[in-house]
1. Looking only at the stretch 110-124, which residues are open to solvent by 20 Å² or more (accessible area, probe 1.4 Å) and touching a Leu at 6+ places or on another chain (Cβ under 9 Å)?
2. From the list F365, F323, which residue is open to solvent by 20 Å² or more (accessible area, probe 1.4 Å) and not in a loop (DSSP other than H, G, I, E, B)?
3. Name every residue in the stretch 156-199 that is open to solvent by 50 Å² or more (accessible area, probe 1.4 Å) and closer than 22 Å to C447 by Cα, in order of residue number.
4. For the stretch 389-404, enumerate the residues that are assigned to a loop (DSSP other than H, G, I, E, B) and either aromatic (F, W, Y) or buried (at least 23 other Cβ atoms within 10 Å of the Cβ) (or both).
5. Of everything in the stretch 392-434, what is among the aromatic types (F, W, Y), closer than 27 Å to F230 by Cβ and in contact with a Phe, Trp or Tyr (Cβ under 8 Å, 6 or more places away or on another chain)? Give them in sequence order.
6. Just for the stretch 444-457: of the residues that are in contact with a strand residue (DSSP E or B) (Cβ under 6 Å, 6 or more places away or on another chain) and within 18 Å of A79 (Cβ to Cβ), which one is most open to solvent (accessible area, probe 1.4 Å)?
7. Restricting the stretch 451-491 to residues that are among the charged types (D, E, K, R), over 19 Å from the mean Cα position of the chain (by Cα) and outside any helix (DSSP H, G or I), which is modelled with the lowest pLDDT?
Amino acid sequence: MDYLISQQRHPMPLATALSLPFSSSLLLRSFENFKSVVKPPNAVSVHAPTPNENSNHQNSNKTNERVIIIGAGLAGLAAATRLQTDNVPFLLIEASDDVGGRVRTDFVDGFTLDRGFQIFITAYPEAQKLLDYNALDLQRFYSGAQVYYDGRFHIVADPLRHFSDALRSLMNPIGTVFDKLLIGLTRVRVLTRSDHDILTSEDEIKTIDLLRSRIGFSESILDRFFRPFFGGIFFDRELETTSRLFNFVFKVLALGDNTLPKNGISAIPHQLAGKLDKNSIRLNSRVVSIDYDSEEEGIVVVNLQNGETLKSDLGVILAIEEFEAMKILSGKIDVGQIKMPVRSTVCLYFSVDSDKVPVKDPVLFLNGSGRGIVNNMFFASNVAPSYAPRGKALVSVSLIGIYDNVSDEELVELVVKEMSDWFGEASVRWWRYLRMYRIGFAQPNQCPPSDLMKDPRLKLGMYICGDYVTSATFDGALVSGRRAVEALMKDRAKV
């Protein structure tokens, strides 16, 4: 549920009778038209060169005595934070118009739309070191879920936080009583292991094999709870993701809360960027290639799309997606092969009058029916009231996969029909479609065999970071940025 490379879909009004009279002009409207939306309340001021500024920099061959970080997602921001803490000069370059990478939020007509289903878990250990949780004003989910199965909802609750709910759920059809005992035993098992032991465990198998064969969960709880819940986290309903990642996520879920920052998920990267020297961050600066200087040993040359050339004698950290790193380094350094298929998802947002929301609890709803295309959904403004303007509510619906052979109109119709089965047509008929995010790259594929502690050093002066280097979580991205800087500093100390 972290990150994205998305194709943003534009608002199309949903008729009250749900006849969906879509307008082609609305479909073709440019995303630039939405630049008039409210500026993020957590936005930071950073340096974004104008065309004139860029032209003044073109063909500048002055050696840059600072580390160059390419990519201002969580990994790049974590790397910059570590460098600033160690008083090492740096330049953080970002291709897009804002920091955050896949962790972005759009603000549209008073609604807060995170780009994809993303939840922040408070027990992430690296995040606890870097972030000010109080300033983020984290809004908490209910510790459990409502599972849609056999035409109705069934509660699954954390017994340590909602004991009475958990007690009432013992006999429901979402697993057996023995399954619920096994969940408790699994909790104890992961809490007694260190994070390093979990992430480097040699006893690695697919998550589904761990749950079914090693632990012994029944097919009923696998299909009705684990597939939609952890499938929504990993964007992998088959649960082929490594058991290492499952054990780590299960542990932090046991220790912390699922939350949303009051001002959207982008508040997390904006907080990190806000602590950095604003003159050390450059937006709208796309890197097209990296070379080693043929005349000066140890100097890395970074070529920008606008023709500008930057040099660094301290090193370059690539904090970008794996496939982008491969493209930039093509023919120069082998960064390995991308494991396919990558994880993708679609997120749809709807608005509705707040008095027409069928439930008021800040709870996640899961599809345990084994039918339909919706994996999970929630009423975002129940969790964080700031996600919707006064008198309105925000609905978030998530699918696993990209559905590139289904049009936007068809996808909205299918989702609305399915949600009508869940909540009743009389309730869902009032929903108004806001926006769709088709996220082609939501997470890297981390099926076994995996390496969640990859060496960030490609060669002297060249380092990588990102969730594909560690674990595909917020925390993994932050850890990878720190580890890249540690590898760079170790090399510099040797030199």
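The values are calculated or read from the model by the stated rules, or taken from the named source; none is laboratory data. The structure presented is a predicted model; accordingly, all values stated were derived computationally and were not measured. Note that we place each Cβ from the backbone using ideal geometry, even for glycine, and neighbour counts take in every protein chain shown. In case anyone asks, the SASA skips ligands and DNA or RNA and just uses the protein heavy atoms, side chains included. Shrake-Rupley method; radii C 1.70, N 1.55, O 1.52, S 1.80 Å.
1. Of everything in the stretch 110-124, just one residue is open to solvent by 20 Å² or more (accessible area, probe 1.4 Å) and touching a Leu at 6+ places or on another chain (Cβ under 9 Å), namely R115.
2. F323
3. R189, R193, S194, H196, D197
4. Passing the criteria: only Y403.
5. Selection gives W422 alone.
6. By that ranking, first place goes to R457.
7. K459
Results for (1) free of Cβ contacts under 8 Å to residues at least 60 places away in the same chain; (2) part of a loop (DSSP other than H, G, I, E, B); (3) within 19 Å of G76 (Cβ to Cβ), shown as yes or no for each residue.
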residue: I317; (1), (2), (3): no, no, yes
residue: I338; (1), (2), (3): no, yes, no
residue: S351; (1), (2), (3): no, no, no
residue: K360; (1), (2), (3): yes, yes, no
residue: G372; (1), (2), (3): yes, yes, no
